[in-house]
Amino acid sequence: MKAYQCWVAALAACPQVTSFVLPSSAQPLMKPFAITTTAFPLHKHTLMNPTRRDSSLSMMNLPSSLLANRAALHGDPSFVLSAILLLSTFGISLERRTVIGKALSAPLATMALALSVANLGFVPFTSPVYSLINRHLVPLAVPMLLFDSDLKRVVSDTGSLLLAFFVGAIATIVGTLVAFPLLPLTSLGPDVGWRVACALAARHIGGAINFVAVADTLNVGGSAVSAAIAADNVVVAIYFAFLFSIAKQGTPSEEVTEAAEIIVTDPGDIGSADDGLGDSTITLASLGAALSVSSCLVTLGGILTKALLPTGTSSLPLTSILTVLSATAFPRFFSRIRAAGTAVGITFIQMFFAASGAAGSIQLVMKSAPSLFLFSALQIGVHFATLMALGRGIFRLPHRELYLASNANVGGPTTAAAMAQAKDWKRLVLPALLIGILGYATATAIALALGPVLLRLPIVGR
């Protein structure tokens, strides 16, 4: 039997033999069978050299097999969704647990990670999962992050800080109108610069969710989003350091009300701190209610958008308006689902940043970042100058309120509340939080209305 085995092995090693039948003497031992070169997945060089080891065969076939496996994984929605969720979660963890993460912020950390792994080939540049996030999860996230936008409470509890906030919003508009003709962001591509300028204006009136809403509405590409967030976060970090350096510490005699005693422990944790705005407990019922209400608001916003606005108009602005009106009309109900909505909404927004980073090109980000850095710096610089000129020169508002309003414009509610707490301005902690929420409620519509104006502006140098 061993002789026949050796004979079969020798014939199999010969490249000229494509099939054979054992001689009749072998019939009692085994049935006739055929051996073909397709029956053995051997490399052609191995067939010519039977002494070559299997390990060398595997190494020769490894690149093609890896490419095939990678293509299969990239085409698997479960793999891509898992990668996006891991990147989103890791970005949040970096912000909470590391100094670098806190400096970058969760959105930028997530986008940087996603951009890196995509350009290294671990996740695809395009995927149906990215489209799912942009088309369905982002619209669900925006209402959930506006559940505490009770305008009646904002107006009644903010005092003169409300006026300072609107002055800051006007200052951001002025900054955008000044910066865009000088730096039209042509490096981002044709017909993209004004869209990114609008998204950054939304960011500097309300916050990150407004940037997301405007970018999604105006169909800004992943590379442009990645570059804009990266450059703007650096500018914002420098600006916050400037604000903290010029703001003076509060005095012990400052009036403190019970409603204003709020502890904001994590500036990056949007709305999840116990800020006195409602029940912070997340239950299965509140999660289900938050998702259901958000879905109904998105559906109603889509129906009204199709009925009232031109074809192709995004439903996000109208959905945001409906959410604010609903939260104002039924504050008690929305306060009960606020914490759950915020948790899910932040997760979805993080997934958007991960998908935008994965769809980005490092080459384009590096090419576009310098012009975006200059644009953002000029925009915020003009914002601050205009804010101080109008706020102090015309309305005679206190410096601390102007600083807080600017912080709420550029950073959002929790960074403004954290600044008020850090400076011992206890009376202003709650108002700072509320005007930041007002920014969430209004910035998207303001920035989108700014778009047609930017398109009509003459560009310097043309």
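The values are calculated or read from the model by the stated rules, or taken from the named source; none is laboratory data. Keep in mind that what you see is a predicted model, and the values were worked out from it rather than measured. Using ideal geometry, Cβ is built from the backbone for each residue, glycine included, and neighbour counts are taken over all protein chains shown. Areas reflect the complete protein model, heavy atoms only, side chains present, ligands, DNA and RNA absent. Shrake-Rupley method; radii C 1.70, N 1.55, O 1.52, S 1.80 Å.
Numbers below:
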item: Residue under evaluation P181, criteria (1) touching a residue at least 40 places away in the same chain (Cβ under 8 Å); (2) touching a helix residue (DSSP H, G or I) at 6+ places or on another chain (Cβ under 8 Å); (3) open to solvent by 10 Å² or more (accessible area, probe 1.4 Å); (4) not basic (K, R), criterion not met; result: (2)
item: Answer from T386, T415 - the residue that is open to solvent by 10 Å² or more (accessible area, probe 1.4 Å), touching a residue at least 12 places away in the same chain (Cβ under 8 Å), within 20 Å of V142 (Cβ to Cβ) and part of a helix (DSSP H, G or I); result: T415
item: All positions within the stretch 99-141 that are open to solvent by 70 Å² or more (accessible area, probe 1.4 Å) and aliphatic (A, V, I, L, M); result: V99, I100, A103, L120, L132
item: Filter pass, H399 being open to solvent by less than 10 Å² (accessible area, probe 1.4 Å), over 22 Å from the mean Cα position of the chain (by Cα) and of a type outside the set (G, A, S); result: no
item: Criterion (free of Cβ contacts under 8 Å to residues at least 12 places away in the same chain and touching a helix residue (DSSP H, G or I) at 6+ places or on another chain (Cβ under 7 Å)) met by exactly one of V80, V138, V155, V99; result: V155
item: Selected residue (only one of A420, A405, A447 is within 19 Å of G207 (Cα to Cα), modelled with pLDDT under 95 and either among the basic types (K, R) or assigned to a helix (DSSP H, G or I) (or both)); result: A420
item: Residue check for S371: surrounded by fewer than 24 Cβ atoms within 10 Å (Cβ to Cβ) and on the phi < 0 side of the Ramachandran plot; result: yes
item: Subset of the stretch 195-223 that is under 22 Å from V453 (Cα atoms) and open to solvent by 10 Å² or more (accessible area, probe 1.4 Å) - its residue that is nearest to the chain's Cα centre (by Cα); result: D216
item: Failed condition for L146, given (1) within 14 Å of G222 (Cβ to Cβ); (2) at pLDDT 90 or above; (3) not in a helix (DSSP H, G or I); result: (1)
item: S127 within 27 Å of A197 (Cβ to Cβ) and hydroxyl-bearing (S, T, Y); result: no
item: Given (1) outside any loop (DSSP other than H, G, I, E, B); (2) under 15 Å from L140 (Cα atoms); (3) of a type in the set (S, T, Y), index of the condition S376 fails; result: (2)
item: Unique residue being within 27 Å of G439 (Cα to Cα) and either in a helix (DSSP H, G or I) or among the aliphatic types (A, V, I, L, M) (or both) when the list is A118, A114, A103; result: A103
item: Residue satisfying condition, being out of contact with any Asp or Glu (no Cβ under 6 Å at 6 or more places or on another chain), outside any helix (DSSP H, G or I) and either of a type in the set (V, I, T) or modelled with pLDDT of 90 or more (or both), within set G206, G175; result: G206
